[in-house]
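One structure below.
Readers should treat all values here as calculations from the given coordinates under stated rules, not as data from a laboratory. Here the structure is a predicted model, which means the values were calculated and not measured. No Cβ is skipped: glycine too gets one built from the backbone with ideal geometry, and neighbour counts run over all protein chains shown.
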């Protein structure tokens, strides 16, 4: 269920174990790299983190070369960007990781082209899933209805040995499971009320060109407004600004530009005053972190799995969703290929949840400290307080210390485990050394590599 990144990659994996895989998608896929209604967040910035790059290349060999050939910008961190976090500007030391910042539509179209070339995989487009077939012991398929606009339209059954919910943040699986007598999963939620707005611009001169291709200021409890500009494949930049509940960024043209004055430095505002807008501003407010605990005991039917945002969805401001979708597909592949263990529904579902654990820890850990955060998972335990103390010291040093910065970026980009932050060289710097001085103003150029 769902033909976005998580659904397509799950289908690709399952095609190696099934005679037929059917992808049911509510939209009709566009030709080329166009946004579609079923992905309202698609108009906003997306990044492919290092962990997602490794996963995609593992699943679709040669994909990163295709992405680069299509013009997707590859941005080195921190050398290619002006970055602000926790009251400090990052030193622009040589890059230790890279992110791709092209449009979501471009990346998804490339994945779709590769995946749907497999004759085992077919697509039912323009069709809603409206329920599950089966009972509390096993799911045996789905109920479909074409998107004719008639809520009483004819339903038809599509039988299946396995149903994978990749329908995204708005999944209705909980109510469908209850309808067949199964139990809905417990939901863990953290919602800061963060909202953001995005608009495409083309710069005329100045800051975001040459050695500096991107800018970003991260939110934190002391500076709740965030934003930046990331390059797209056509040479334009996608600009984003965000704020919390009650101070949402506007989508009016002039007010959008004025809102950037809330950021910790006027750099972006000055750039926008000279840049050419290429699109209207679009808003987005569905940013809660939600984790559905299908792994916990309960009446869980066999033959049903959840993945991607339908399983664990994050505040999009942290840019983790596409990477986790790819990493979840790798987890699915590995769980199905493990000859030491029978791939039961529960065992595979636990593997899928584990693939999103680090991203959840990062996003939920940051958001539960934001003012006004609400939800069932906002309150942490004593272990969280100790971890918060250590991670605060990591962040204070990551902006200026190359050793701590390398480890911190590797964790944030999901390319190394959190334990990397406790490696001896990192721990010594975090526990016993003061923060390294950082630039007082946005650094205009990258630093030269040390001899």
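Taking the Cβ of each residue in 225, 265 as the centre, tally the other Cβ atoms inside 10 Å and list the residues starting with the fewest.
265, 225
Grab the beta carbon distance between residue 255 and residue 146, set R0 = 41 Å, and tell me the FRET efficiency rounded to 0.05.
0.50
So, R0 is 25 Å and r is the distance between the beta-carbons of residue 154 and residue 20; what FRET efficiency does that work out to, to 0.05?
Computed FRET efficiency for residue 154 and residue 20: 0.60.
How far, in nm, would the chain grow between residue 27 and residue 174 when pulled straight, counting 0.36 nm per residue and subtracting the alpha carbon separation?
50.7 nm
Between residue 337 and residue 202, how high is the FRET efficiency from 1/(1 + (r/R0)^6) when r is the Cβ-Cβ distance and R₀ = 45 Å? Nearest 0.05.
Calculated transfer efficiency: 0.45.
How many percent of Cα pairs in the stretch 1-136 exceed 22 Å?
47 percent
Does anything in the stretch 241-267 have its amide N under 19 Å from the 7 Å Cα→Cβ label point of residue 440, and if so which residues?
Within reach of a label on residue 440: 264-267.
In nm, to one decimal, how far is the modelled label at residue 361 from the one at residue 136, with both set 7 Å along Cα→Cβ?
3.6 nm
With Cα extents along the principal axes in Å defined as stated, name the option among [x] 62, 47, 44; [y] 75, 54, 42; [z] 60, 59, 46 computed from the structure displayed.
Matching the structure shown: [x].
Spin-label point model (7 Å from Cα, Cβ direction): what's the residue 69 to residue 270 distance in nm?
Reported label-point gap for residue 69 and residue 270 is 4.1 nm.
For 60, 208, 296, which order do you get if you count the other beta carbons within 10 Å of each Cβ and list the fewest first?
Ordered by Cβ neighbours within 10 Å, fewest first: 296, 60, 208.
What does the extension gain come out to for residue 448 and residue 124, with contour length at 0.36 nm per residue minus their alpha carbon separation?
111.3 nm
Treat the count of other C-beta atoms within 10 Å as a stand-in for reagent exposure and order 294, 390 from fewest to most.
Listed from fewest to most nearby Cβ atoms, that is 390, 294.
Gain in length, residue 379 to residue 113, computed as 0.36 nm per residue apart minus the alpha-carbon separation, to one decimal in nm?
91.4 nm
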